[in-house]
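One structure is given here, and the rest of the page talks about it.
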Amino acid sequence: MSNVSLGVIVNGATSRLARHQHLPALLAIRREGGLLLSNGRRVIPEPILVGRNAVALRELADVTGIRRWSTNLDTVLAGNDDIFFDVAATGQRFQSVARAIAAGKHVYCEKPIATSLIEAMQLVSLATAAGIRHGTVQDKIFLPGFRKLLMLR
């Protein structure tokens, strides 16, 4: 069986979170041969780095071995990549995620997904209406300290 290539647009790729948390996780999945599916095939993430600073993107691409990068989000959104992962600054998130939804990309966001509840609900409504999958990083809520706070509350 052949592997499945999954294009992942990493918007805000040069951010601290992307560099130190999200990109290393994607690269680890690649190194391990991808995610094994029940049918025996493997899903291999193929990231494309997107950001505003070409020099920083080129340096990050060199360090990570990721070959694809761009400063033009519209061009990338018009491409064949399936998932839009937004790790850019929160203040830019509503616009970029709305554009990704309009382009038919499945969306995964760093938190918070917007700067207001109204904008967050608009994004959820747009994604639901478009029939795309969408989610938010929830990594911190399961840390022991937060679980202890919830228990104490």
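The values are calculated or read from the model by the stated rules, or taken from the named source; none is laboratory data. The structure presented is a predicted model; accordingly, all values stated were derived computationally and were not measured. Cβ: placed from backbone, ideal geometry, glycine included. Neighbour counts: every protein chain shown. Calculation scope for accessible area: heavy atoms of the full protein, side chains included, ligands and nucleic acids excluded. Shrake-Rupley method; radii C 1.70, N 1.55, O 1.52, S 1.80 Å.
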Checking residue 115 against (1) touching a Gly at 6+ places or on another chain (Cβ under 7 Å); (2) touching a residue at least 40 places away in the same chain (Cβ under 8 Å); (3) of a type outside the set (Lys, Arg), the condition it does not meet | (2)
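Is it the case that residue 55 is out of contact with any Pro (no Cβ under 9 Å at 6 or more places or on another chain), within 19 Å of residue 22 (Cβ to Cβ) and among the β-branched types (Val, Ile, Thr)?
When the stated conditions are applied, residue 55 does not pass them.
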Output the qualifying pairs, or none if there are none: Cβ atoms under 6 angstrom, residues six or more apart or on different chains, first residue in the range 92-106 and over 14 Å from residue 80 (Cβ atoms), second residue surrounded by 19 or more Cβ atoms within 10 Å (Cβ to Cβ) and among the charged types (D, E, K, R).
-> 93/86; 96/86; 97/86
Which condition does residue 116 not pass, out of (1) of a type in the set (Gly, Ala, Ser); (2) within 23 Å of residue 3 (Cβ to Cβ); (3) open to solvent by 30 Å² or more (accessible area, probe 1.4 Å), if it passes all the others?
-> (2)
Could you list, in sequence order, the residues of the range 57-112 that are surrounded by 17 or more Cβ atoms within 10 Å (Cβ to Cβ), modelled with pLDDT under 95 and more than 20 Å from residue 26 (Cβ to Cβ)?
-> 94
Evaluate the range 10-20: report whether one residue or more is surrounded by fewer than 16 Cβ atoms within 10 Å (Cβ to Cβ), among the aliphatic types (A, V, I, L, M) and more than 15 Å from the chain's Cα centre (by Cα).
-> no
Can you name every residue in the range 21-54 that is out of contact with any Phe, Trp or Tyr (no Cβ under 9 Å at 6 or more places or on another chain), open to solvent by less than 60 Å² (accessible area, probe 1.4 Å) and either farther than 28 Å from residue 89 by Cα or in a helix (DSSP H, G or I) (or both)?
-> 23, 24, 25, 27, 28, 29, 33, 34, 40, 43
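Only one residue in 118, 113, 132 is out of contact with any His (no Cβ under 7 Å at 6 or more places or on another chain), more than 23 Å from residue 19 (Cβ to Cβ) and among the aliphatic types (A, V, I, L, M). Which one?
118
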Yes or no: residue 67 of a type outside the set (Val, Ile, Thr) and over 13 Å from the mean Cα position of the chain (by Cα)?
-> yes
Restricted to the range 64-108 and to residues being of a type outside the set (A, V, I, L, M), assigned to a strand (DSSP E or B) and in contact with a helix residue (DSSP H, G or I) (Cβ under 6 Å, 6 or more places away or on another chain), the residue nearest to residue 48 (Cα to Cα) is 69
